[in-house]
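The values are calculated or read from the model by the stated rules, or taken from the named source; none is laboratory data. Keep in mind that this is a model prediction, so the values were computed, not measured. FYI the Cβ positions are ideal-geometry reconstructions off the backbone, even for glycines, and counts take in every protein chain you see.
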């Protein structure tokens, strides 16, 4: 239902500890509209800098648009502290294991779907390394009804870039993708490059997957990040957010 | 982690971080996303003591040119210091 100025609106936003991959307790930031629903849900997979202010704002943004939204702290097993200190430690350690992230994302989806106000639909959204993780989580589980990969670097990987924590290039799971994919990218990005996005697109076509890619001119990595003046591109970010919400509205419902 | 450019070295010395002085035990050198400098990627150096907690960290985030200048300045000072110590 379109918003009217005489509508009641409210949200709850708080830290919640839930069972993650392997049943480990993980910290999450959880925001949802007040009311009985039914609400669709979205799992937000944070970027390399960590479980930071931008991701908590984005989680509330989804809640304000009618979604129960949850952002797990993928780094919470590594340490607790200032987000940038924790992020620096993870950066030095070469990231967190892909398997663990997929497990955490699927666990968040189970948590959301089990709520009385869930409409049963769950999407996954991520930017930067979180875009790559969102794609992996969508391909490697049956937990998601739609996935938004925003400039996820490392979907296409060279063999020499594979590590113990990242043993398989996400593109190799494309055949298993069970849901529609939205991809937003910048023409000037180097991770992913437009050439890597084209390789990913070919793989999606080859397997007959439903996808919608937009390559924005004049944008590089992180063009939604209003707190990073060199990266932020207002025009592309406004259009990109519209595409994200239109995509999730189509495949999950809400608004 | 986004670029896979990570180097590590053990160190001996002290550093002053957010909670005061601590023994520096290692440096992690990465070319990756920084937290503060407004660049997509930076040459990041974290002087840390991993055993003392994540806040035992002195961080710098540098442009590549300034990182090269820093490396050259360190090597020049070390060279002069070694000559000073040897009496040459």
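Things to note:
- Note on region B:7-34: residues that are facing chain A (nearest Cβ under 8 Å), at pLDDT 95 or above and buried (at least 17 other Cβ atoms within 10 Å of the Cβ) total 2.
- One residue from A:168, A:147 being away from every other protein chain (no Cβ under 14 Å), closer than 27 Å to residue A:99 by Cβ and touching a strand residue (DSSP E or B) at 6+ places or on another chain (Cβ under 6 Å): A:147
- Looking across region B:38-55 at every residue that is facing another protein chain (nearest Cβ under 9 Å) and in contact (Cβ under 8 Å) with a residue 12 or more places away in the chain, the one that is surrounded by the most Cβ atoms within 10 Å (Cβ to Cβ) is identified as B:48.
- Contact map, region A:212-223: residues that are without any contact (Cβ under 8 Å) to a residue 40 or more places away in the chain and within 14 Å of chain B (Cβ to nearest Cβ) paired with residues that are buried (at least 23 other Cβ atoms within 10 Å of the Cβ) and part of a strand (DSSP E or B), Cβ distance under 6 Å, separation 6+ or inter-chain. Pairs shown: A:219/A:186; A:220/A:186.
- There is no residue in region A:195-207 that is in contact with a helix residue (DSSP H, G or I) (Cβ under 7 Å, 6 or more places away or on another chain) and touching a residue at least 60 places away in the same chain (Cβ under 8 Å).
- Some residue of region A:89-100 being outside any loop (DSSP other than H, G, I, E, B), away from chain B (no Cβ under 14 Å) and within 16 Å of residue A:245 (Cα to Cα): no
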